[in-house]
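The values are calculated or read from the model by the stated rules, or taken from the named source; none is laboratory data. All values reported here derive from a predicted model rather than from experimental measurement. Reconstructed Cβ throughout: ideal geometry from the backbone, glycine too, with neighbour counts over all protein chains shown.
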Amino acid sequence: RKEVEQDPGPFNVPEGATVAFNCTYSNSASQSFFWYRQDCRKEPKLLMSVYSSGNEDGRFTAQLNRASQYISLLIRDSKLSDSATYLCVVNPGGSYIPTFGRGTSLIVHP
Amino acid sequence: GAGVSQSPSNKVTEKGKDVELRCDPISGHTALYWYRQSLGQGLEFLIYFQGNSAPDKSGLPSDRFSAERTGGSVSTLTIQRTQQEDSAVYLCASSYRSGRLNTEAFFGQGTRLTVV
């Protein structure tokens with residue numbers, strides 16, 4: 001089992017839709033979790049950290065489920081500019097090295 | 001403030017030549033990471049530096065790859081005798097230690113390496 005797994009998609013949604021991505025991780029001792037966004041031919045950029053209590057930033061909501069070992073990202077009212085690849089990042093327990101999922105591709109169309 | 005800076009942004013080299021890629025992390029960040037990303041693929045970890053500790057080289061794909069970090073700041077990734085399969089975007093990131101964890105990593109814009 002890969003350390004961090006994501007559905008590669010693509011998720012093809014209309015503007016205004018709500019879309020959710022999940023990401024599973026294998027190391028139960030993992031302590032830090034993040035979502036990054038990567039545009040085509042650009043570097044990954046931090047979208048948001050994921051806290052145990054969940055967190056929300058505008059249209060974006062991230063949740064952590066330790067029991068089932070997954071994190072989620074919910075995007076409400078999708079915009080064309082949300083089209084990108086969303087990377088799930090986990091710091092495995094006992095390691096300081098962020099492990100990246102392969103990413104989920106989102107395409108928002110008019 | 002300045003972000004992570006990488007140079008060159010693009011590098012085309014002939015097979016068999018050596019290349020050096022440079023990364024200047026965010027000031028004050030003690031952790032520095034190198035990753036590479038091949039076209040359409042995910043990020044592959046290469047090497048991790050934390051302060052003055054010995055680096056974690058577990059991700060280096062062969063002994064043609066090496067990296068150093070001078071004075072706890074600037075890092076150089078060297079690829080000797082480049083091969084076509086080394087063609088990729090090489091990404092550097094930095095973060096700082098908070099307690100027992102490293103905070104989120106910030107990336108440079110990457111060096112796109114093409115071996116012809």
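On inspection, B:T76 does not qualify as under 13 Å from B:E20 (Cα atoms) and part of a loop (DSSP other than H, G, I, E, B). Against the numbered list (1) small (G, A, S); (2) more than 11 Å from chain A (Cβ to nearest Cβ); (3) within 22 Å of A:C40 (Cβ to Cβ); (4) buried (at least 19 other Cβ atoms within 10 Å of the Cβ), B:S38 comes up short only at (4). Filtering the range B:3-35 to residues that are of a type in the set (G, A, S), touching a strand residue (DSSP E or B) at 6+ places or on another chain (Cβ under 8 Å) and away from chain A (no Cβ under 12 Å) leaves only B:S7.
Counting only residues that are of a type in the set (S, T, N, Q) and assigned to a strand (DSSP E or B), which one in the range B:16-72 is nearest to A:T104 (Cα to Cα)? Looking at residues that are of a type in the set (S, T, N, Q) and assigned to a strand (DSSP E or B), I get B:Q37. Taking the criterion of being more than 8 Å from chain B (Cβ to nearest Cβ), part of a loop (DSSP other than H, G, I, E, B) and closer than 17 Å to A:V50 by Cβ, the residues of the range A:82-110 that qualify are A:P92, A:G93. Restricted to the range B:1-45, and to residues that are among the β-branched types (V, I, T) and within 26 Å of B:G72 (Cβ to Cβ), which residue is modelled with the lowest pLDDT? By that ranking, first place goes to B:T30. For the range B:47-75, filtering for residues that are more than 10 Å from chain A (Cβ to nearest Cβ), surrounded by 18 or more Cβ atoms within 10 Å (Cβ to Cβ), touching a residue at least 24 places away in the same chain (Cβ under 8 Å) and out of contact with any Cys (no Cβ under 8 Å at 6 or more places or on another chain) leaves 3.
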